[in-house]
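**Q** Here it is: the structure, laid out below.
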Amino acid sequence: MEPEISNQSLLFLVVFVLIPLSLSYFYQLGLNKNIIWSSLRGTVQLFAIGYLLTYLFELPAIIGIPFMISIMLTVAAFHARKKGKGLPNVLLYIFIGLLVIEVSVLGLWLIFDMVAFTPSEVIPMSGMVIGNSMVAMGLALERMKNEFKENNGRLLAALSLGAKPSVASKLIVQKTLNAALIPNVDQLKTIGLVQLPGMMTGLILGGVAPVTAIKYQLVISISIFSSVSLSAMFITLAMYRYFFNEQGQLVDSEEEIRSEA
Amino acid sequence: MFRFEQVSRYPLKKMDFQIEKKEKVILFGPSGSGKSTILFLFNRLHNPTEGTIYFEGQNVKEYPFTELRKRVGLVLQEPNLFPGTVLDNIKYGPSLFGEWKEEDGELLMGYVQLPSTYLNRDVEQLSGGEKQRVSLARTLANQPEVLLLDEPTSALDYRTAEDIEEVLEQLINQHELTMIMVTHDMRQARRLGSRGLFITEGEVMEDGKLPDMLDSPASQALKEFLEE
């Protein structure tokens, strides 16, 4: 028998939403609207995607997979762009980065016969790779902006000693990559010990044998690990130079002065 | 050595002045008058919005910025040391140009009167004064012809500031450097400077010999500034 949650049971999820909602109400956190909106939005999105996936899974792979992956890439790129607000061409860089990573990972899965080219396998797994890469790019962009602000003095010192922007920003690039990769490294270290990863849990709940589920989990975990590393590295190396101009001057400090004017 | 021709950049307004080799120039004036901006213009950490700056008769824009900055060293108000050891910091500049020699470490420590045992010390373990000395040594490691100093002792206590002043005085005289320094400390200006540029509201209000211009200020603005 296929395990299934009844619609009535699902309705009781409202209780889980009421808990943070009452906390927000009593402590006046001002999150009420946000909690209700995100819960409703999440529910609608998931049902919509459920129906869409059912439809896509029935389509020929060659149509369903590229269609869904294009949607995922576009949504992910627009979402990650918010963290890089103000940086030129950031949307394009994010989109290209995600596209190259997704195509490479998918290519390797297919070449080494880890995943079958069917929508039911490729779409959920690609979603995990794209989603995690999107988060990594967003984190890297946010961190990089902060690091440039916080290390303004050190950057000026390095530039004033004759360093080119690529050398002066080495420290920033290192710190950014570290910050973007550490959560992922930690997650990989404790995988299966602290929490059973989502995909494996899903497969086990769906009736798949744990060892088979683990194999899929390994494929996705390692793929995510490498795509997250690549995403953070790609976006950091692509964007750091926009903090400088061609004369090796910090663009940020120039803007500050202009805004004072 | 340096010539400013009609140079402006907020908050500076059309500046014209010249600085000769080996001069010891003090830039002083009220906060926000543009003194640090002038310093940053010398080594092209900023560009003027109008006008031209000449270094050794040549527009600064014609120099590769890395070469100009090597020749025109800057010490900032905060030491802004890089993570790592003292040695990592002082070899930073010369290593960029493939000019670092191991024996220079001891020599540079000597210049800023720190023991050479400090070379392998983590910069996090240093006091404020020691950090500023390392910052100075890091700039000197590039063997600059001009030393730009942006209030290098303002973040230090009086005693430590005096020690750094002494180091600076010796270094500038010994190496015959051209010095351009921003300071709010008129005692320091008298001690280290030979010429003063009083900057107010983005303009050079007075340009004269030190300490004479402080003893008998020509303008009312300078009088008022000194009385504050």
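**Q** Being under 21 Å from B:MET181 (Cα atoms), within 13 Å of chain A (Cβ to nearest Cβ), part of a loop (DSSP other than H, G, I, E, B) and of a type outside the set (Val, Ile, Thr) is true for just one of B:LEU45, B:LEU39. Which residue is that?
**A** That would be B:LEU45, the only listed residue that is under 21 Å from B:MET181 (Cα atoms), within 13 Å of chain A (Cβ to nearest Cβ), part of a loop (DSSP other than H, G, I, E, B) and of a type outside the set (Val, Ile, Thr).
**Q** Taking the residues in segment A:198-232 that are without any contact (Cβ under 8 Å) to a residue 40 or more places away in the chain, β-branched (Val, Ile, Thr) and in a helix (DSSP H, G or I) as candidates, determine which candidate is nearest to A:SER126 (Cα to Cα).
**A** A:ILE222
**Q** Among the residues of segment A:157-173, is any part of a helix (DSSP H, G or I) and over 30 Å from B:GLN143 (Cα atoms)?
**A** Scanning segment A:157-173 turns up no residue that is part of a helix (DSSP H, G or I) and over 30 Å from B:GLN143 (Cα atoms).
**Q** Is it the case that A:MET239 is at pLDDT below 85 and surrounded by 16 or more Cβ atoms within 10 Å (Cβ to Cβ)?
**A** On the way: at pLDDT below 85: no; surrounded by 16 or more Cβ atoms within 10 Å (Cβ to Cβ): yes.
Criteria not met by A:MET239.
For every residue, the table says whether it meets (1) under 19 Å from the mean Cα position of the chain (by Cα); (2) under 28 Å from A:ALA140 (Cβ atoms); (3) touching a residue at least 12 places away in the same chain (Cβ under 8 Å).
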site	(1), (2), (3)
A:LEU31	no, yes, no
A:LEU46	yes, yes, no
A:GLY50	no, no, no
A:GLU58	no, no, no
A:ILE63	no, no, no
A:PRO66	no, yes, no
A:GLY84	yes, yes, yes
A:LEU99	yes, yes, yes
A:TRP109	no, yes, yes
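**Q** For segment B:91-99, does any single residue satisfy the condition of being outside any loop (DSSP other than H, G, I, E, B), free of Cβ contacts under 8 Å to residues at least 12 places away in the same chain, out of contact with any Lys or Arg (no Cβ under 7 Å at 6 or more places or on another chain) and surrounded by fewer than 14 Cβ atoms within 10 Å (Cβ to Cβ)? Break it down stepwise before answering.
**A** Filtering segment B:91-99 for residues outside any loop (DSSP other than H, G, I, E, B) gives B:92-96.
Cutting the leftovers down to free of Cβ contacts under 8 Å to residues at least 12 places away in the same chain gives us B:95.
Checking the rest, the ones that are also out of contact with any Lys or Arg (no Cβ under 7 Å at 6 or more places or on another chain) come to B:95.
Checking which are surrounded by fewer than 14 Cβ atoms within 10 Å (Cβ to Cβ) leaves us with none.
No, segment B:91-99 contains no residue that is outside any loop (DSSP other than H, G, I, E, B), free of Cβ contacts under 8 Å to residues at least 12 places away in the same chain, out of contact with any Lys or Arg (no Cβ under 7 Å at 6 or more places or on another chain) and surrounded by fewer than 14 Cβ atoms within 10 Å (Cβ to Cβ).
**Q** Report the residue count in segment A:61-91 for those that are closer than 16 Å to A:THR236 by Cβ and in a helix (DSSP H, G or I).
**A** Number satisfying all stated conditions: 5.
**Q** Filter segment B:187-213 down to the residues that are at negative phi and out of contact with any strand residue (DSSP E or B) (no Cβ under 7 Å at 6 or more places or on another chain), then identify the one that is surrounded by the fewest Cβ atoms within 10 Å (Cβ to Cβ). Quick ask: steps written out before the conclusion?
**A** If we filter segment B:187-213 for residues that are at negative phi, which is where we start, we get B:187-200, B:203-213.
Then drop every residue that is not out of contact with any strand residue (DSSP E or B) (no Cβ under 7 Å at 6 or more places or on another chain), which leaves B:187-188, B:190-191, B:200, B:211-212.
Details: B:ARG187: 14, B:GLN188: 22, B:ARG190: 14, B:ARG191: 17, B:THR200: 20, B:PRO211: 16, B:ASP212: 11.
Within segment B:187-213, the match that is surrounded by the fewest Cβ atoms within 10 Å (Cβ to Cβ) is B:ASP212.
**Q** Right, here's the next one. Given (1) within 14 Å of chain A (Cβ to nearest Cβ); (2) within 20 Å of B:SER135 (Cα to Cα); (3) surrounded by fewer than 21 Cβ atoms within 10 Å (Cβ to Cβ), identify the lone condition not met by B:TYR10.
**A** It fails just one condition, (2).
The values are calculated or read from the model by the stated rules, or taken from the named source; none is laboratory data. Quantities reported herein were computed from a predicted structural model and do not represent experimental measurements. We place every Cβ from the backbone using ideal geometry, glycine too, and count neighbours over all the protein chains shown.
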